[in-house]
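Working notes for the structure below.
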Amino acid sequence: MTKKVAFIGAGSMAEAMMAGFFHSQMIEPRHAIISNRSSDERLTFLQDKYGVRTTRYPQALLADADFVFLTMKPKDAVSGLAPLIPYLHEHHILVSVMAGVSTASIVDVIGKKIPVIRVMPNTSAAVGKSATGMAKGAYATPQHLEAVKELFQTIGTVAVVDDEEQLHAVTGLAGSGPAYIYYLVEAMEKAASEIGLNREDAKELILQTLIGSAQMLKNSPKAPETLRKEVTSPGGTTEAGLKELQKHQCQEAFIQCIKVATNRSKELGEALRNQMLNQT
């Protein structure tokens, strides 16, 4: 069956998902239509780059859509959903990428028994390597969940959680995860410059080190701790470097980083829930 999709919101996450879906050929660009709140320039850019259709009319946006991706900013949830309500029907599958916004909140705003699947991908979707968490709302069936899962499996791996609340943890760990890795690479690049390596050589070495390490973790049955110890010779260079990381409590900092991001997702979700209740 040809899958037809609509995107409400045209930011980086929407583009990453589109790029991944189109590259996998799961969705054809001519079967995708996109709208946003105000930027005609952004819509024109996406139309020219990918060959998607654009519109400012909710009826045209939803007329043929099987999947409706809610990719607007969470703070725009109510204002973004309001114009769609008259044209939303039970045959639509809403796929929300709005961090912290519960499926129950979306159903409350819409006022219809529409299936909603909440997902938390990351921007690596653009290269088919997203790590996506997923949970279904009250009116979504296992068949709806499977249909959305099939889509997201074309752009990476998918973990379905039974409790929607666990998506806060997915957000803190995987949704924000690429930024943590990029932050680490920034530090490695700065270190490379300070120890005398040129930028081009350093970049190649860092990227291949990351790729190789990730592949080892994926393919080896050994725990990360075991792999680390196998690289670390007593009195050697690796041990010296690791001792410096331990001195600065880098592992503890990463753990706290993920916990804080998870808690922030919960806070945002609660605040948005209250805001949506006040606006409806």
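How much of ASP66 can a 1.4 Å solvent probe reach, expressed as accessible area in Å² and rounded to 10?
40 Å²
Show which lysines lie in cross-link reach of LYS49 when reach means a straight Cα distance below 22 angstrom and same-chain residues fewer than eight apart are skipped.
Partners within reach: LYS3, LYS4, LYS129.
When the chain is fully extended, how far beyond the present Cα-Cα distance does CYS257 get from ALA191, taking 0.36 nm per residue of separation?
On the way: separation 66, 0.36 × 66 = 23.76 nm, distance 2.18 nm.
Extra length from CYS257 to ALA191 when fully extended: 21.6 nm.
Given the peptides 13-24, 210-221, 31-42, arrange them by the average over their residues of other C-beta atoms within 10 Å, most packed first.
Working: 13-24: 21.2, 210-221: 10.7, 31-42: 16.5.
The densest-packed peptide leads the list: 13-24, 31-42, 210-221.
Given a 10 angstrom Cα cut-off, can you work out which residue in ILE114, ILE255, ILE93 is the most mobile in a GNM of the chain?
ILE255
Given a 1.4 Å probe and the protein chains all in place, what does the accessible area of THR226 round to, in Å² to the nearest 10?
60 Å²
Evaluate the charge dipole of the chain about its Cα centre and quote only its size in Debye, nearest 20, assuming +1 on the Cβ of each Lys and Arg and -1 on the Cβ of each Asp and Glu. Mind showing how you got there, number by number?
Values: 29 positive and 29 negative charges, 66 e Å.
Dipole about the Cα centre, nearest 20: 320 debye.
What percent do you get for the relative contact order of the stretch 39-148 when only Cα pairs under 8 Å and 6+ apart count?
On the way: 150 pairs, mean separation 21.3, N = 110.
This gives 19 percent for the stretch 39-148.
Quickly estimate the mean residue ellipticity at 222 nm for the chain, helices only: each DSSP H run with n ≥ 4 gives -39500 (n - 2.57), and the total goes over all residues, rounded to 500. Intermediate values should be presented prior to the final figure.
Numbers: 12 runs with 146 residues, N = 280.
Roughly -16000 deg cm²/dmol at 222 nm, from the helical runs in the chain.
For the stretch 60-218, with the dipole built from +1 on Lys and Arg beta-carbon atoms and -1 on Asp and Glu ones, taken about the Cα centre, which of VAL158, MET72, ILE195 lies farthest toward the positive end?
Final value for the positive-end residue is MET72.
Give me the log10 of I(q) over I(0) for the stretch 88-231 at q = 0.14, 0.20 Å⁻¹, as the Debye formula computes it from C-alpha points; what are the numbers?
Values returned for q = 0.14, 0.20 Å⁻¹ are -0.78, -1.19.
Tell me, what is the FRET efficiency for TYR180 and GLU244 to the nearest 0.05, using R0 = 30 angstrom and their Cβ-Cβ distance as r? Don't skip to the answer; put the middle values down first.
Numbers: r = 19 Å, r/R0 = 0.64.
FRET efficiency, TYR180 to GLU244: 0.95.
With a cut-off of 8 Å between alpha carbons and a minimum separation of six or more residues, what is the relative contact order of the stretch 169-280 in percent? Each step should come with its number before you reach the end.
Details: 34 pairs, mean separation 49.6, N = 112.
Once normalised by length, the contact order is 44 percent.
Rounded to whole Hz and in sequence order, give me ³J(HN,Hα) for the stretch 90-95 from the Karplus expression 6.51 cos²θ - 1.76 cosθ + 1.60, θ = phi - 60°, writing x for Gly and Pro.
4, 7, 6, 10, 7, 10
Out of all DSSP beta bridges with both ends in the stretch 1-150, state the antiparallel percent to the nearest 5.
Percentage antiparallel, nearest 5: 20.
Over 27 Å apart: what share of the alpha carbon pairs of the stretch 1-147 falls there, rounded to a whole percent? Don't skip to the end; give the middle numbers.
Numbers: 1352 of 10731 pairs.
So the portion of pairs separated by more than 27 Å is 13 percent.
Averaged per residue, what accessible surface does the stretch 4-121 expose to a 1.4 Å probe, in Å²?
Numbers: 4880 Å² over 118 residues.
Here the residues of the stretch 4-121 average 41 Å² of exposed surface.
Report, for the chain, the % of DSSP beta bridges that are antiparallel, rounded to 5. Walk me through the numbers before you get to the answer.
Working: 4 of 26 bridges.
Expressed as a percentage, antiparallel bridges in the chain total about 15.
Which values, in whole Å and largest first, are the semi-axes of the equivalent ellipsoid of the stretch 129-183 obtained as the square root of 5 times each eigenvalue of the Cα gyration tensor?
Working: eigenvalues 101, 40, 6 Å².
Taking √(5λ) for each Cα gyration eigenvalue gives 22, 14, 6 Å.
Could you rank LYS229, LYS129 by how accessible they are, 1.4 Å probe, largest area first? Walk me through the intermediate numbers first.
Values: LYS229 115, LYS129 150 Å².
Per-residue accessible area, sorted high to low, gives LYS129, LYS229.
Do you know the relative contact order of the chain, to the nearest whole percent, from alpha carbon pairs under 8 angstrom that are 6+ apart?
On the way: 413 pairs, mean separation 46.6, N = 280.
Over the chain, the number comes to 17 percent.
Counting only DSSP beta bridges with both residues in the stretch 75-220, tell me the antiparallel percent, nearest 5. Walk me through the numbers before you get to the answer.
Values: 4 of 12 bridges.
Bridges in the stretch 75-220 are about 35 percent antiparallel.
Which percent of the accessible heavy-atom area of the chain goes to carbon and sulfur, probe 1.4 angstrom? Present the calculation step by step, with values, prior to reporting the outcome.
Values: 8780 of 15930 Å².
Carbon and sulfur together cover 55 percent of it.
Between THR226 and ALA159, what is the label-point separation in nm under the 7 Å Cα-to-beta-carbon projection?
Placing both labels 7 Å beyond Cα along the Cβ direction yields 2.1 nm.
Please report the Cα spread of the chain along all three principal axes, rounded to whole Å, starting with the longest.
69, 39, 34
Any idea what % of Cα-Cα pairs in the stretch 166-280 are farther than 21 Å? Could the numbers behind the result be given before it?
Details: 3687 of 6555 pairs.
In whole percent, the long-distance tail amounts to 56.
From the Cα trace of the stretch 35-78, what convex hull volume per residue do you get, rounded to a whole Å³?
Spelled out: Cα convex hull of the stretch 35-78, divided by residues, is 91 Å³.
The values are calculated or read from the model by the stated rules, or taken from the named source; none is laboratory data. Being a predicted model, the structure only gives us computed values, none of them experimental. Positions of Cβ are generated from backbone atoms using ideal geometry, with glycine treated the same way; all protein chains shown enter the neighbour counts. The accessibility values were calculated without ligands, DNA or RNA, using every heavy atom of the protein model including side chains. Shrake-Rupley method; radii C 1.70, N 1.55, O 1.52, S 1.80 Å.
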